[in-house]
Amino acid sequence: MNNMETEFLHIVDTRRVYRIPLSEITHVESGGAYSTAYTKKGKKYTCSRNLKFINKQLEGKTDFMRTHKSYIINKTQVKEFIKDNAVIVLINGTLIPLARRRRNEFMGWLKKG
């Protein structure tokens, strides 16, 4: 069994705590003091934590990468990379910007995969 299948991201909103399997998350987007996790099934979970807090929860999870000040992606969900405007296209069609300073790390991963 894949290690990611047994691990979860915990999202707390005002009424519930959600346990989202890491393998289901496509990306996490920041909205200032809030973060929203998106899943393969199109569900979204918003919590009142910033992306830095979420990134700390995902520390050590090799399938996740911070690509921009506002985004973390699940690298297993990458479909393609458009070099001209530094945009990552996820399998579900979502476009994610890639920060200039994170480009070398991303390209290194992409070439390995």
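Bear in mind these aren't lab numbers, they're just calculated from the coordinates by the rules spelled out. Since we're looking at a predicted model, the values are computed, not measured. Using ideal geometry, Cβ is built from the backbone for each residue, glycine included, and neighbour counts are taken over all protein chains shown.
Axis angle, to the nearest 10 degrees, between helix 103-112 and the longest C-alpha principal axis of the chain: 80 degrees. Using 0.36 nm per residue and subtracting the Cα-Cα separation, the extra length available between residue 34 and residue 15 on full extension is 5.3 nm.
When 9, 110 are sorted by how many other C-beta atoms sit within 10 angstrom of their C-beta, beginning with the fewest, the order is 110, 9. Our summary gives segment 3-112 a relative contact order of 17 percent, counting only alpha carbon pairs under 8 angstrom and 6 or more residues apart. Whole-Hz Karplus values for segment 75-85 come out as 4, 6, 9, 6, 9, 7, 10, 9, 5, 3, 10 Hz, taken residue by residue from phi with 6.51 cos²θ - 1.76 cosθ + 1.60 and θ = phi - 60°; glycine and proline positions read x. Hydrodynamic analysis of segment 15-83 uses the Kirkwood radius over alpha carbon pairs. Inserted into Stokes-Einstein at 4 °C and 1.567 mPa s, it gives a translational diffusion coefficient of 105 µm²/s. Here is the list for segment 39-84: trypsin sites (Lys or Arg not before Pro) lying in DSSP coil, each with at most 12 other C-beta atoms within 10 angstrom of its C-beta, are 41, 43, 69, 83.
Listed values for segment 8-21 are Karplus-derived 3J(HN,Hα) couplings in whole Hz (6.51 cos²θ - 1.76 cosθ + 1.60, θ = phi - 60°), namely 9, 9, 9, 10, 10, 10, 5, 10, 8, 10, 9, 10, 9, x, and x replaces Gly and Pro. Once the chain from residue 103 to residue 82 is taken as fully extended at 0.36 nm per residue, the excess over their C-alpha distance is 6.4 nm.
In this structure the amide hydrogen of residue 9, modeled in the peptide plane, comes within under 5 Å of the amide hydrogens of 20, 22, none closer than 5 places in sequence on its chain.
Model label points for residue 44 and residue 75, set 7 angstrom from Cα along the Cα-to-Cβ axis, are 2.6 nm apart. Strictly over 24 Å apart at the Cα level, which of 41/83; 43/79; 56/111 would you flag in this model? Table pairs above 24 Å Cα-Cα are 41/83; 56/111. Rounded to the nearest Hz, the phi-derived 3J(HN,Hα) couplings of segment 52-62 under the Karplus curve 6.51 cos²θ - 1.76 cosθ + 1.60 (θ = phi - 60°) are 4, 5, 5, 4, 5, 5, 8, 3, x, 8, 5, where x marks glycine and proline.
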